[in-house]
Each structure stands twice: as structure tokens, then as C-alpha cells.
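I have a structure I would like to understand better, so I am pasting it below and will then ask my questions one at a time.
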Amino acid sequence: GYGGAGGADGENTVSGGSMRPSGTFTLLMRKRSGVTLAPFASLQVPVSFAPLSIEEKRATVSVRGAYRNRNLTWVFPLRGAVNAPPYPKAFTFRCKAKTTARKVVDLPLRSLAGLTGPETFTHELICPPNMEGIIGKSLTVNPVEPTITDPNQPVRFQVAFEPLRPFSTSVKLVIVRGTGGRWPFELQLDAMDPDPDDQIVIEANLRTTSSVAFRLTNRFPVYAPFQAFFSTDSAMTLQVHPSTGLLGPVDTQGTVFTVSFSPTEYGKLQRGRLVIQTEDMQWTYEVTGTHPHVLVPQNVSSRVESRLETHIAGQLGKHRHINAVKRNMTTTALAIGRERLLHEDQGGL
């Protein structure tokens, strides 16, 4: 909009507005002449931009008026930047953290127009705001063939993805034309869990605690906040200390981590995955808790007599088996019979 068309003591009459060239830009004002503005009022000049090809467009808007018998003219230059629609297919880069995925991609510039000779294109990356740091350290884009002479010829760029920790996100690689025009392409970045950096084995007796300590420094020359923890599928008998803090920079003594094992029962090996991560880096360790190996004594005679003497063993099974229950029942019946006979004799007397 145009503001300040009139002075404090008078009015300004806008007699007309024009645009050069016409076609791509369109002036949307219904009334283009005879518009009177009050002092310090403003005038809105709506303009539409509808490009048919991807190239820079330029135009000017002229506003002419009269104030106290003086002709006034304001000229506003317009520059139209054209964005191509997103490319329908995303370019995927997938690898384990601490490895590299490298690829040369061909990027077609659809609806490119106005190419009269060799032209060089540049690029820029648009990242999610909360991922700019880690993407800046893991993604590199270098031109391979940024200059083309034919509108149907793609530009070629080499993309190297070297993640230092697991994450998943997408970024936009935008090809920029110096004379106007932008072509966005989506890059899908998938960094998977890395292979373990090392293995740690801890031996401990039942209901005791054994520990192993090691030092770790940041990969970069700065202090970095860290988190240290075991994955959710790790044994509860494994612990790490400290769990949070600052990781010392490279070329220093670093930070000491202590991993402890406290077994509560015998059985299978206790395993876990220790993870230490900063905003930009991750280290993983396979930790195994085991019991000390026990050696079975060899060539040791028994002190317990576990065999019967020969004459005793020979007597086994030779005695007749006596049914004690039957014998007791018989003895009881005879006693009862004698008692009855005694009572009968006494009654006869």
C-alpha cells in the first residue's frame, strides 16, 4: 500500500495507476482514477502474480496524482520470484549411525523457461528448526553439474549423509536460479541404530556388586550435555553412573562412567545395551554380567563311606518278610477270645 499521499493542510487526488508490463502481474484496483486521499491517509494497491513459467518476472506500478497544481508520481518496482511445485518423489538416504550413505542425484527443473545459454544454479537447505544442528553436522550437498544449457537437462548434486546418532527427519533441497526461480526437492533422512562401539563384561558373586569404569570424551572441542541409560530391554541388575552431566571436550581427560552389576540369583547371563548420547553424538556398549567361573576339583577321593560291608550286604533280602499289621490283628483277636471264655466260666460258677 502507498501511504502519506496528502499533506496536513490539503487533500491529494490520485488520477490514475498503471503497470508495465502486463500479463504476469495484474492490477486489481477497480477504481484507478479520481481517488481522493485525506491527509496522511494510505492507498492500497492490490496486485496479483500468476506466472506461466519458472523465471524471474519484473514490473513497475506507477501511481500519479496532483497536489496544489503540482503533478506527483510514485513508481514501485515489482520482482516476482517463481517457486516450482514440490517434486512428487522424495530422495531417501538411509544408513546406520556412524556410517555413510553417499549418492549423486539428478534433479529435473520442470517448466524451466528463458534459458538462452549456459546457466549455473545454486542450492540451499531448509531444515526443521529443532534439527538444524544435527543436520548441519551429518548432511553435505556438493554440486556435480550445476551448469546446464538445455531446459530438459537436470542439474546434478552429490549428497553425503553421515549421521552420528539415530534420528529421522526430512529436509528440503531447493535449487535456486540466479535470475529467478526455485525448485524444491524433499530429502528423507533415516539414521538407524549403530553397531556397538565396544563390549563390557562384568563378573560378580551372588548378592555382591562389581563395577567397571571408563573415560569418554566428546568428539567436538566443546562441553556437551549428555544422558546415559540402559535400553528398556536390559537387565535390571545393570546400572550406570552418572546418568546426566557434561561430557568433556576432545583432548581432555573426559568424563568417567561407572557400570555396575549386582546379581540377585543364579541363572542365565544378564545382558544390556548402554547408551550415552549428546545432541549430536551417540555411543552404545553391549554389557554382559556373569558369575565367576567355578572349577570342579579333580582326583579327590570321597571322605564319606557310601558302600556297605560285604557280609552286611550279603544278609540283605534273606530274612522272611513279616506282616506286622496281620500279626497285631491276630494277637488282638486271640486276647479277646480268651477274655470271653474267662467271663463264661465265671458265670457258670
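The values are calculated or read from the model by the stated rules, or taken from the named source; none is laboratory data. Since the model is a prediction, treat every value here as computed from it, not as a measurement. Glycine also receives a Cβ, built like all others from the backbone with ideal geometry; neighbour counts cover every protein chain displayed.
Quick check on my filter: what residues within region 105-119 are in contact with a Phe, Trp or Tyr (Cβ under 7 Å, 6 or more places away or on another chain) and within 30 Å of LEU164 (Cα to Cα)?
Passing the criteria: VAL105, LEU107.
Checking TYR87 against (1) surrounded by 15 or more Cβ atoms within 10 Å (Cβ to Cβ); (2) part of a strand (DSSP E or B); (3) of a type outside the set (A, V, I, L, M, F, W, C), only one condition comes out false. Which one?
Among (1) surrounded by 15 or more Cβ atoms within 10 Å (Cβ to Cβ); (2) part of a strand (DSSP E or B); (3) of a type outside the set (A, V, I, L, M, F, W, C), the lone unmet condition for TYR87 is (2).
Yes/no per residue for (1) more than 50 Å from the chain's Cα centre (by Cα); (2) hydrophobic (A, V, I, L, M, F, W, C):
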residue	(1), (2)
LEU28	no, yes
ARG32	yes, no
VAL35	yes, yes
LEU52	no, yes
GLU56	no, no
VAL63	yes, yes
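Between GLU265, GLU279, which is closer than 24 Å to LYS137 by Cα, outside the structural domain of MET131 (by TED's automatic domain parsing) and of a type in the set (Asp, Glu)?
Answer to the selection: GLU279.
Same structure, new question: So is ALA59 touching a Leu at 6+ places or on another chain (Cβ under 6 Å) and not assigned by TED's automatic domain parsing to the domain that holds LYS172 or not?
yes
Same structure, new question: Any residue in region 278-291 that is among the aromatic types (Phe, Trp, Tyr), modelled with pLDDT of 75 or more and in contact with an Asp or Glu (Cβ under 7 Å, 6 or more places away or on another chain)?
Yes, region 278-291 contains a residue that is among the aromatic types (Phe, Trp, Tyr), modelled with pLDDT of 75 or more and in contact with an Asp or Glu (Cβ under 7 Å, 6 or more places away or on another chain).
Check every one of the strands (runs of 3 or more DSSP E) wholly within region 201-281 and list those with 1 or more residues that are of a type in the set (Gly, Ala, Ser).
Per the criteria, 210-216, 224-230, 244-247, 255-261, 270-277.
Picking from LEU173, LEU189, LEU139, which residue would you name as being closer than 30 Å to ARG79 by Cβ, modelled with pLDDT of 95 or more and buried (at least 17 other Cβ atoms within 10 Å of the Cβ)?
The match here is LEU173.
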